[in-house]
Amino acid sequence: METEQNDTVDATFKDVDRKIYDTPILLVDDEEDILTVFKLILQSEGYSKIDAFSSSKKALDHISSLEYLFYYKLALIDIKMPEIDGEKLYEKLKTINPILKVLFVTSFDNVNDLIKHHPEIACKDILRKPIEKNEFIKIINYNLTNKG
């Protein structure tokens with residue numbers, strides 16, 4: 001009886017996990033190698049719906065062309081990019097999809113302007129490059145399973 005109950009709990013937990021792994025994630029970084037690493041890490045964790053763009057303009061064009069504008073649940077975007085920088089991309093993404101969770105990645109220390117212009121962005125929403133694989137996965141999983 002106890003083994004049967006544990007199997008049910010395990011199966012339910014796996015179903016919940018599977019649901020977050022099917023969550024659409026958008027990656028935008030002008031550094032192709034960073035995109036490749038992030039995508040491989042996410043895929044190795046089990047995530048299956050990952051779209052990566054090295055051009056912020058192409059990413060924005062892609063999102064604007066979607067039939068369902070709320071498709072992505074999480075976006076991970078670089079702050080410093082040519083064409084459209086991360087702050088402007090953030091503003092455009094939030095106009096299209098106000099409930100989109102956005103995390104920023106940067107190798108720069110000075111993120112004060114971003115936080116000053118957008119007080120809704122918390123320090124925990126900004127990841128520093130390079131980031132360790134386990135920490136990266138922990139942050140992604142947390143942001144897909146928790147509100148706010």
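The values are calculated or read from the model by the stated rules, or taken from the named source; none is laboratory data. The model shown is predicted, which means the values in this text are computed figures rather than measured ones. Neighbour counts run over all protein chains shown; Cβ positions are idealised from the backbone, glycine included.
Before we move on, is LYS58 at pLDDT below 95, surrounded by fewer than 14 Cβ atoms within 10 Å (Cβ to Cβ) and assigned to a helix (DSSP H, G or I)? Taking the combined requirement at face value, the residue does not satisfy it.
Filtering region 122-132 to residues that are surrounded by 14 or more Cβ atoms within 10 Å (Cβ to Cβ) and part of a helix (DSSP H, G or I) leaves only ASP125.
Condition check ((1) surrounded by 13 or more Cβ atoms within 10 Å (Cβ to Cβ); (2) at pLDDT 95 or above; (3) in contact with a strand residue (DSSP E or B) (Cβ under 9 Å, 6 or more places away or on another chain); (4) under 22 Å from LEU42 (Cα atoms)) across all residues:
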| site | (1), (2), (3), (4) |
| --- | --- |
| LEU93 | yes, yes, yes, yes |
| LYS101 | yes, yes, yes, yes |
| PHE104 | yes, yes, yes, yes |
| ASP109 | no, no, yes, no |
| ASP113 | no, no, no, no |
| HIS117 | no, no, no, no |
| GLU120 | no, no, no, no |
| ASN146 | no, no, no, yes |
